[in-house]
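This report concerns only the one structure given below.
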Amino acid sequence: MAPARNGKRQASAHVEEPPHKKVAPVLKKYGVTQAAFKQMVEVLQHPLAGHLTEDCKQMILAMLPHSLCVPSDQREEVQNLAVKMFEEVVASVEGHLKEALEAEKSKVKTITDSKEQLLSDVSKAQEQLKDAEKDLEQKNQELTASSQAVVAAKTFLSKKEEEQTTGDASLLQTEADKAELQKAFEGVFLMVEAGESTDSAAQLKVFESAMKKLTMEESLKMAILPVLQKPPAERGGFDATVLSEFQNIFEAKLRELSEMLQQGAPERQARQLCVDQARAQLEEAETKQKECSGELLASKQKQKEATSALKEVEASVASYEATLKAAMDVQDEKQKDVDSFVETTMKGFTNLKDVEVGDAMQEQELELQAVIGFKGTVQSSLILHPDQEHLIFPLGCTVVLRNLIKRTQAFLQGHDNQVNCITVSKSGKLLASGQKTFMGFPADVIIWDFEQRKEIHRLSLHKVAVTSLSFSCDETYLATLGGQDDNSLVIWEVERGLAVCGTPAATDTAHCVRFFNNTEFSLVTGGNYHVVIWQFDLANKKLRPTQANLGQMKRITTNVLIDQEDKFVYCGTTTGDLLQVELGHALFKQYTPKGGPTKTFALGITTSALLPDGDMILGTGNGLLARVSADTLRVKQQCQVLGGVTSVALTQDGTHFFCGTTLSNIYWVDTDTLTAELRNTCHHERINQIAFPADYSEVFATCSVTDIRVWNAVTRQELLRIQVPNMECYCLDFMRDGKSIISGWSDGKVRAFLPQSGKLLYAINDAHKNGVTALALSSDCGRIVTGGMEGEVRVWNIGFQTQTMDASLKEHRGRVWCIKIAKDDTQAVSASADGSCIIWDLFTKTRKLCLFESTMFKSLVYHPDESQLLTTGSDRKVAYWDTFDGQAIRVLEGSEEGEITTLSVSKSGSHYVSGGEERLVKLWDYDKGVSEYIGVGHSGTITCAAISPDASFVVSAGSEGAILIWTMPQELVSKCNELVE
């Protein structure tokens, strides 16, 4: 947080350090690694340590560094009690883990024991289903038989009814005739005869119908009706005779019919009996049919229930395997938890508990052998030491001291983040460097003894960043200027390393500070719309500002230059103006270079230097170097270089100077003619990959956002540069025969170049959509396996004049970050951001094995005997995998913060190197799984690292564009070169 405007800054503000910074000195003192201590901290954070209160955990955590980390033979009684207390926690967690394992084992046993019962249940269910199906078949047969019986009964009934109908037809007619005659005789004849009828017409009509059934003479028929129509009183003897005769005929006919009915009655009864018997048989058959139908339905239900029961038992058997597998998986996880806890935590605890003085574990530092790089974007970062032999510049967290005569390098290492500014005292005895860090964290300034190459004082007062430094002329004081979030100006006493006074530099952001050349009590700062001249009041410990009067001028000053007599200050601005301000009265004098090609310098004046004759050398943002007269501000000479100029370092005699640019180029320039000669160059953007030729360590290649470069590992000189305009090279490697460099590019092409000339040998167009992100080369130089941004893995056959695709393997769903091929070229393995690593069979072009993890895999390597794989990625872990069954053998905590992006293993497999966002190069013992050495120097994410084929050094590169070469510890070189069986 920036200090309040117009307020006084306290000289010794307390800054709460992060926990890891508080513990780090203690761990370093007792030789305990951060990783080992973190394992102990994780015990307290373990879910099974939940019985401890938060206060208790914090108490134990606070005691750990000062008890467990202390060698056992140096512990006091209180420290031993603390260790014993922690040991109880460890034992408790271990006990809970083992209890959980035993519980899972019991579950597995229960499931295993249930298998016999399940099989018995299946057999029983099958028997029940078989019985049900047999019963169903029987019921079906019975229903069929009963149905047939019903049909037969119906047929028989129909036959008997038909016989009855036929046999009874004449009798029925006789009955009808008798009934009709009886009706006519009694209801008509006798009544009419007696004269009792009232409806003679209707009755006569009935009588006439009945007469047709009687047999009589015609004369009688003709006579009977008239007789009947006469009233009884009018009838005579003839009429009585007719009536008597007719009555006799009537009665005789009735007797005849009765006799006929009486004679046919037995046969009729017999026929009725047969019909009744047939109907009874039908009813009995239908009843039987209904009973069989009901029994069939019940049998079907029974069969359905038996089938359902069998399916249920079979489902239980089918789920048994899944249930057993799930239980076994949980048991295996619990076993792994126990094994991991015992193997790592318990072993680590035992080591710390029992270690004595001299036995303490210690992560040693890798020796930085050389660097290839120059951070050209840091303003005024290139300094020629007054001894005229050393060129000083920052690179990441390191300050590099390059001896121009002996061509050697030395390094000042102490910063934990990017060095943002440096300065050297007038005599050259002292050097100061300031860094930038993260929001809320202090940004340190370190004062170094140049001759002894060691830190004298560490000054911690600024926050976030330090942007400018300046030693006073007599080297008594050091002025430091904080960045935008701090914006404070502090004066330090160099001898004691204490702050004398401090104040806000201005109401707006200040960018630069410089002491006068002839007094240690005056200095100048410049920044956004201000130039301030300060008087340092030592007696009152005050800084008294005088604002320079610039009139209507509104400029952002980025650098200031004071003449030898301290009369004028020349201010370089972002608008390209050079302002001349008179120091005595703080008055603006003149501005703008006169006689130049343009009114102002394009992209601003970024740096400046004063020549012995009073002229000035100006560097601009568009790469222009200009020599300007101090009196008239006219441009005398100018030249163009590549990249914006950020540094000018004059020789003592002023005849030449070094010029540094934003493209990380260093030029040697003659001040009279301003002719620039390129002396050093390096990558200025992210480096994506490092590759060595097969079994050759004197040369290596790197690829970056802009180009491919081949380097001499001994002289650290660039041998070859290959550029494809507007394209980024993601990956590269040397063919095993050394005759070509194969590279993958962002336009989706694979390009092959000759390693001596950089000439394009061939290109595979449209190899992948959106870019070729990974590649690997077969040992016979006949095949290339490539991976793309979309997740495809493709195999290419490389002929003498042709390049053809052999297979396209589409299983990954994310970017392929890394591919490796086995020595015998039979299989390849690819690592992807989708959380999978796939081992491919290059003969069948199919997946052989797949490894899954909740991470974005970034890198992998085969162990030289190819029995294991090492993988790493965004989960910050290094995992060992068995290539036979794809099981994870060991998982190590590879980084305390940030993902791991690169791995490289030695020829023997005894050691490997990792690097990532933690910005540390770590050298691991493969078998022990312990980081034995660390290399501190990068300021950005380490994107790639490689152990040289002869294992004599390690090369690492980062997102800041720096290449660092580390010396392999001598005792490990022979181990790394041992032959693998």
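The values are calculated or read from the model by the stated rules, or taken from the named source; none is laboratory data. Not measured: the values here are computed from a predicted model. Glycine gets a Cβ as well: all are built from the backbone with ideal geometry, and neighbour counts include every protein chain shown. All accessible areas refer to the heavy atoms of the entire protein, side chains included, with ligands and DNA or RNA removed. Shrake-Rupley method; radii C 1.70, N 1.55, O 1.52, S 1.80 Å.
Placing pseudo-labels 7 Å out from each Cα toward the beta carbon at Ala322 and Asn765 gives an inter-label distance of 5.2 nm.
Full extension from Thr673 to Thr574: what is 0.36 nm times the residue separation minus their Cα-Cα distance, to one decimal in nm?
Details: separation 99, 0.36 × 99 = 35.64 nm, distance 2.61 nm.
Going from the current span to full extension adds 33.0 nm.
Spherically averaged projected area of the convex hull of Cα atoms, segment 617-678: 3.8 nm². With each label modelled as a point 7 angstrom along the Cα→C-beta vector, the Lys130-Arg736 pair spans 6.3 nm. In a DSSP loop and with at most 13 other Cβ atoms within 10 Å, the trypsin sites (Lys or Arg not before Pro) in segment 519-624 are Lys541, Lys554, Lys567, Lys599.
Sequence-distant contacts, meaning Cα pairs under 8 Å at least 6 residues apart, place the relative contact order of segment 771-856 at 21 percent. Counting only protein heavy atoms and using a 1.4 Å probe, the accessible area of Leu849 comes to about 40 Å².
Which of rounded, prolate or oblate describes segment 118-158 when judged by the alpha-carbon gyration tensor and an a/c cut-off of 1.5?
Working: a/c = 10.80, a/b = 9.50, b/c = 1.14.
Because a/c hits 1.5 or more and a/b exceeds b/c, segment 118-158 counts as prolate.
Taking 7 Å steps out from each Cα toward its Cβ at Ser219 and Thr112 produces label points 13.0 nm apart. Within the straight-line cut-off of under 16 Å between alpha carbons, the lysines reachable from Lys304 are Lys124, Lys130, Lys134, Lys139, sequence neighbours fewer than 8 places apart in one chain being disregarded.
With the convex hull built on the Cα atoms of segment 91-164, state its orientation-averaged projected area in nm².
Working: hull surface 30.1 nm².
Mean projected area of the Cα convex hull: 7.5 nm².
Across the chain, the relative contact order, built from alpha-carbon pairs under 8 Å that are at least six residues apart, equals 8 percent. Rounded to the nearest whole angstrom, the semi-axes of the ellipsoid equivalent to segment 286-337, taken from the Cα gyration tensor as √(5λ), stand at 49, 5, 4, largest first.
Carbon and sulfur together cover what percent of the accessible area of the chain at a 1.4 Å probe radius?
Numbers: 23160 of 46320 Å².
Whole-percent figure for carbon plus sulfur exposure: 50.
Which is farthest toward the positive dipole end of the chain among Gly898, Val795, Thr651, measuring Cα position about the Cα centre, with Cβ charges +1 (Lys, Arg) and -1 (Asp, Glu)? So the residue we want is Thr651. List the chymotrypsin sites (Phe, Trp or Tyr not before Pro) within segment 856-909 that DSSP assigns to loop and that have no more than 16 neighbouring Cβ atoms inside 10 Å. Of the chymotrypsin sites (Phe, Trp or Tyr not before Pro), the ones in loops of segment 856-909 whose Cβ has at most 16 other Cβ atoms within 10 Å are Phe884. Taken as Cα centroids, segment 480-537 and segment 936-981 sit 42 Å apart, rounded to the nearest whole angstrom. Sparse packing (at most 16 other Cβ atoms within 10 Å of the Cβ) combined with a DSSP loop state is found for the following chymotrypsin sites (Phe, Trp or Tyr not before Pro) in segment 683-781: Tyr696. The phi torsions of segment 165-176, fed into the Karplus equation with coefficients 6.51, -1.76 and 1.60 and a -60° offset, translate into couplings of 4, 5, x, 8, 4, 5, 5, 4, 5, 4, 4, 5 Hz, rounded to whole numbers, with Gly and Pro shown as x. Straight-line cross-link partners of Lys749 among the lysines, defined as a Cα under 25 Å from its Cα and at least 8 positions apart when in the same chain: Lys739, Lys759, Lys769, Lys810, Lys820, Lys845, Lys858. Amide H contacts of Asp387: none lie under 5 Å away among residues 5 or more positions distant or on a separate chain (H built 1.01 Å from N in the peptide plane; Pro and chain starts excluded).
Roughly speaking, what is the stretch gain from Asp885 to Val973, that is 0.36 nm per residue apart minus the C-alpha to C-alpha distance, in nm to one decimal?
Details: separation 88, 0.36 × 88 = 31.68 nm, distance 3.22 nm.
Gain on stretching Asp885 to Val973: 28.5 nm.
Taking θ as phi - 60° and the Karplus parameters 6.51, -1.76 and 1.60, the scalar couplings of segment 951-960 work out to 6, 8, 7, 10, 10, 10, 9, x, 5, 7 Hz in sequence order, x denoting glycine and proline.
Only lysines eight or more places from Lys426 in sequence, or on another chain, were considered; those with a Cα closer than 25 Å are Lys375, Lys406, Lys436, Lys454, Lys541, Lys542, Lys567.
Over the Cα atoms of segment 438-592, compute the convex hull volume and normalise it per residue, giving Å³. Don't jump to the answer; show the numbers that get you there.
Numbers: hull volume 19.3 nm³, N = 155.
Hull volume over Cα atoms, normalised by residue count, gives 124 Å³.
In whole percents, the pair-distance distribution calculated for segment 408-495 from its alpha-carbon pairs, binned every 5 Å from zero, is 3, 16, 28, 25, 17, 8, 2, 0. Taking amide hydrogens as placed 1.01 Å from N in the peptide plane, the amide H of Val500 sits under 5 Å from those of Ile491, Trp492, Glu493, each at least 5 positions away in sequence or on another chain.
What dipole magnitude, in Debye to the nearest 20, does segment 754-830 give about its Cα centre under +1 on Lys/Arg Cβ and -1 on Asp/Glu Cβ?
Values: 9 positive and 8 negative charges, 44 e Å.
Computed about the Cα centre, the dipole is about 220 debye.
Over the residues of the chain, the helix contribution to mean residue ellipticity at 222 nm works out to -10500 deg cm²/dmol, using -39500 (n - 2.57) for each DSSP H run of at least 4.
As a ratio to 2.2 N^0.38 Å, the alpha-carbon radius of gyration for segment 712-795 is 1.09. When +1 charges are put on Lys and Arg Cβ atoms and -1 charges on Asp and Glu Cβ atoms, the dipole computed for the chain relative to its Cα centre reaches about 4300 debye. Close amide H contacts of Glu978 (hydrogens built in the peptide plane, cut-off under 5 Å, sequence separation of 5 or more or a different chain): Ser908.
If you plug the beta carbon distance of Lys98 and Ser854 into 1/(1 + (r/R0)^6) with R0 = 25 Å, you get a FRET efficiency near 0.45.
Return the ratio Rg/(2.2 N^0.38 Å) for segment 41-190, where Rg is computed over Cα atoms only.
3.42
Over the chain, accessible surface divided per residue gives 47 Å², non-protein components excluded, 1.4 Å probe. Remark: segment 577-720 is approximated by an ellipsoid whose semi-axes, taken from the C-alpha gyration tensor as √(5λ), come to 38, 15, 12 Å, largest first. For the chain, take the longest principal axis of its alpha carbons; what is the angle in degrees between that and the long axis of helix 34-45, to the nearest 10 within 0 to 90? Approximately 40 degrees, to the nearest 10.
Taking the Cβ-Cβ separation of Leu172 and Glu137 as r and a Förster radius of 51 Å, what is the calculated FRET efficiency to the nearest 0.05?
Values: r = 50 Å, r/R0 = 0.99.
With R0 = 51 Å, the Cβ-Cβ based efficiency is 0.50.
The overall shape of segment 888-981 is oblate: from the C-alpha gyration tensor, with semi-axes ordered a ≥ b ≥ c, the ratio a/c is 1.5 or greater and a/b is no larger than b/c. Considering every Cα-Cα pair within segment 779-849, what fraction, in whole percent, is farther apart than 18 Å? Cα-Cα pairs in segment 779-849 separated by more than 18 Å: 32 percent.
Over the chain, the fraction of Cα-Cα pairs per 20 Å bin, rounded to whole percents and listed from the shortest bin up, is 10, 27, 23, 11, 6, 6, 7, 7, 4, 0. If R0 is 60 Å, the Cβ-Cβ spacing of Glu77 and Asn403 corresponds to a FRET efficiency of close to 0.65. Working note: Cα atoms of segment 227-358, range along each principal axis, descending, whole Å: 174, 33, 14. Length gained on full extension, Glu343 to Lys810, computed as 0.36 nm times the residue gap minus the Cα-Cα distance: 164.3 nm.
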